[in-house]
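Here's the structure we're looking at; comments come further down.
A short reminder: the numbers here are calculations on the coordinates, not readings from a lab. The structure presented is a predicted model; accordingly, all values stated were derived computationally and were not measured. Methodologically, a virtual Cβ is constructed for each residue, glycine included, from the backbone with ideal geometry; neighbour enumeration extends over all protein chains shown.
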Amino acid sequence: MARLQYSDFLKQLYGCRVQKLNVNAGFTCPNRDGTLGWGGCTYCNNASFTPSFSKPSLSVSQQLIEGKSFYARKYSEMKFLAYFQSFTNTYASISRLHALYIEALAVPDVVGLVISTRPDCLSNEVLDCLCSINEQYRVIVEVGVETVHDRTLRIINRCHTWKCASDAIAKVAERGITVGAHLILGLPGESEDDMMETVKTVAQLPIRTLKFHQLQVLRGTLLAQQWERGEVDLIDWTPQQYASLCKRLLQILPERIIIERMVSTAPKSLLLHPKWDLKPVQFRKIFDDLF
Ligand code: SF4
């Protein structure tokens, strides 16, 4: 059986063609607000992936309506998933979370939720809430794992361990909720063998989707300061070298795991390293040409 494309996987899950719409519900993270640490992950700059309509000054429904209007002109039949992407989207009281998720699902043509979060923000109460919604709508939970190496997790100030991530993913899957993992390749001090080990280990988890991308050094982050001062050891890949690593990683991943993404982009104004200046489709061509 060949590996499904991510868009076909979503079509199977939701029974129609769907487009994810980013939502910024104004959350924070426990490693930003002092609960576990300050400042967040050293590489994190949410501005690098937040579209202009995802502003927490707008309500969740307003953001979705603006996002929908962007696509509706081109694809009138399209349905949508509310993608709670910015910061930690299960980090609030249950009543607030429930109200925001229900608000999103009340927007016409929104047929499901994709919720991105940290593994240490998936309490039983949060899972109960997601389960009750999942009975009527499909919910996908994306868990930020990043690496299985605790020494790296400490360097990047994640403030959780690999065990925390593996336990959280198991708990989400036990509840019958579709779960995916997010990884970053090229974290400070990691070799390609370390990354292979991460992917091999994560492949043992009950995940359906996997998203990974190259580490990007972005302006306004602690990582940018560390990189400019020469304090972190980062791989200086070409896109071809990185695509070759992706190819080797895919060879060890079972086909039941759907690959959502292999590369990341960022606005030129924010990106310091690596300066590839490639659209995902251009990277895909480099990747395909390796086969
Ligand atoms: S990467 Fe995620 S968990 Fe880390 S600071 Fe950014 S939003 Fe929070």
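Odds and ends about this structure:
- Local electrostatic count, residue 28, Cβ distance below 13 Å [Lys/Arg +1, Asp/Glu -1]: +2
- Filter on 211/275; 55/285; 20/285; 171/211 - keep pairs with C-alpha separation over 26 Å: 55/285
- Only alpha carbons enter this Debye calculation for the stretch 152-291, each as an equal point scatterer, and the log10 of I(q)/I(0) it gives at q = 0.14 Å⁻¹ is -0.72.
- MRE, 222 nm, helices only [DSSP H, n ≥ 4, -39500 (n - 2.57), over the chain, to nearest 500]: -11000 deg cm²/dmol
- Radius 9 Å from Cβ of residue 85, net charge of other residues (Lys, Arg +1; Asp, Glu -1): 0
- Two-site label geometry, residue 47 and residue 175: point separation in nm, points 7 Å out along Cα→Cβ: 3.4
- Whole-Hz Karplus values for the stretch 179-195 come out as 10, x, 10, 10, 10, 10, 9, x, 5, x, x, 8, 8, 5, 5, 4, 5 Hz, taken residue by residue from phi with 6.51 cos²θ - 1.76 cosθ + 1.60 and θ = phi - 60°; glycine and proline positions read x.
- In range of the label at residue 222: residues from the stretch 118-141 whose backbone nitrogen is under 19 Å from the point 7 Å along Cα→Cβ: 118-121
- Structural descriptor for the stretch 6-289: relative contact order 17 percent, calculated from alpha carbon pairs under 8 angstrom and at least 6 residues apart.
- Modelled label reach - residue 203, point 7 Å along Cα→Cβ, the stretch 260-288 residues with backbone N closer than 19 Å: 260-263, 288
- Stokes-Einstein translational diffusion, the stretch 6-289 - Kirkwood Rh over all Cα pairs, 0.890 mPa s, 25 °C, in µm²/s: 126
- Computing FRET efficiency as 1/(1 + (r/R0)^6) for residue 7 and residue 131, where r is the C-beta to C-beta distance and R0 is 30 Å, gives about 0.70.
- Residue-normalised convex hull volume from the C-alpha trace of the stretch 1-119: 141 Å³ per residue.
- Where labels lie 7 Å past Cα in the beta-carbon direction, separation of residue 288 and residue 109 in nm: 2.8
- Between residue 55 and residue 163, the FRET efficiency estimated from the beta carbon spacing at R0 = 45 angstrom works out to 0.80.
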